[in-house]
């Protein structure tokens, strides 16, 4: 379905605000008392670091949305399994020219890959989203005649994928899972934001989120904000991990983002891809206060992308840390090329992930 870009981008901005507090989550059954005991202080969002001196570009300002062509790529042999890109919380397939994994699918298809971009319920936890993902996998297998798929998932999408593999028992249809900035061990932001819920009319919150999601996302389902937000805590991640162990038939990989000018020297050195400490990222202004909150008093070890730490993102074979915040990791909003400060290029990241998968036989 095509939606007018201007109207849709306005709607997306509302989703982005929600994304800051709830871009990922795990699912457990919670009660009002579980939520009410959370007393972690929220960061002061009214105080934003002065980043102006770091924003002086050394290259030409990127062109508007959907102007710059995707760089040409040489002919690449198609891999044995179709690729499914799994979006995170508040995500979507496409709004006008803007896709969640911005221009990633188009680039991979031009390189010979078969890529699917299913749309999952935007404001819901894994038990609601995973069955929708399962249907998309069955469709992909039926259309391609292949026996398994490769999943590349961002943020909450990685938990959806793990729930699908373990709880729904679809490990026989997934060859490999790559998670990009997925909160496998939760995030302290979960504790903070869950503490806001007792004073909010949850019915109105869910109804509002459902209405917003229906404008830009065609997946069925009602928003479940409380279930998702309350489950963001590090405590609930322990429960999720216990209920969703790895499947021996599936190869697991992970990638993390590091922002707020941190070089990751203390937490990124053992990755497959060598860390490049000279390349650092300046966080998106709305995320910058959250990076400081997550760092606390230990910025060297609590390196994060604005929504979760590197430690939380590690799962399976840890491929590496990249100088990117949670939006940069999927090219949002509408990145046309490498970041002019960090040099990070999300298109190059996904090309490299697929190359590594193919080199490993997937």
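For residue 333 and residue 147 in the same chain, what is the full-extension length gain: residue separation times 0.36 nm, less their Cα-Cα distance, in nm?
Values: separation 186, 0.36 × 186 = 66.96 nm, distance 3.47 nm.
Length gained, residue 333 through residue 147: 63.5 nm.
Report the convex hull volume per residue for segment 97-164, counting only C-alpha atoms, in Å³.
Details: hull volume 6.5 nm³, N = 68.
Dividing the Cα hull volume of segment 97-164 by its residue count gives 96 Å³.
Per the Debye formula with a single identical scatterer at each Cα and no solvent contribution, what log10 I(q)/I(0) holds for segment 261-348 at q = 0.23, 0.24 Å⁻¹?
-1.24, -1.34
Fewest to most neighbouring Cβ within 10 Å: what's the order for 100, 116?
On the way: 100 26, 116 18.
With the sparsest Cβ surroundings first, the list reads 116, 100.
Taking a temperature of 20 °C and a viscosity of 1.002 mPa s, what whole-number D in µm²/s does Stokes-Einstein yield for segment 286-327 with Rh from Kirkwood over alpha carbon pairs?
Values: Rh = 10.7 Å.
The estimated diffusion coefficient comes to 201 µm²/s.
For a Förster distance of 35 Å, can you work out the FRET efficiency between the beta-carbons of residue 278 and residue 360, rounded to the nearest 0.05?
Details: r = 29 Å, r/R0 = 0.82.
After rounding, the FRET efficiency stands at 0.75.
Efficiency by 1/(1 + (r/R0)^6): what FRET value for residue 214 and residue 139, r their Cβ-Cβ distance, R0 = 22 Å, to the nearest 0.05?
Details: r = 22 Å, r/R0 = 1.01.
So, using R0 = 22 Å, E works out to roughly 0.50.
If you average over every viewing direction, what projected area does the convex hull of the Cα atoms of segment 216-362 give, in nm²? If you can, show how the numbers build up before the last one.
On the way: hull surface 43.9 nm².
In nm², the orientation-averaged hull projection of segment 216-362 is 11.0.
With labels modelled as points extended 7 Å from the Cα through the Cβ direction, what inter-label distance (nm, one decimal) is found for residue 311 paired with residue 248?
3.1 nm
Placing one identical point scatterer on every Cα of segment 199-251 and ignoring solvent, what is log10 I(q)/I(0) from the Debye formula at q = 0.23, 0.31 Å⁻¹?
Relative scattering, expressed as log10 I(q)/I(0), comes to -0.88, -1.11.
Quick note: the coordinates plus some simple rules give every number you see, no bench work behind them. These figures come from a predicted structure and were not determined experimentally. Cβ: placed from backbone, ideal geometry, glycine included. Neighbour counts: every protein chain shown.
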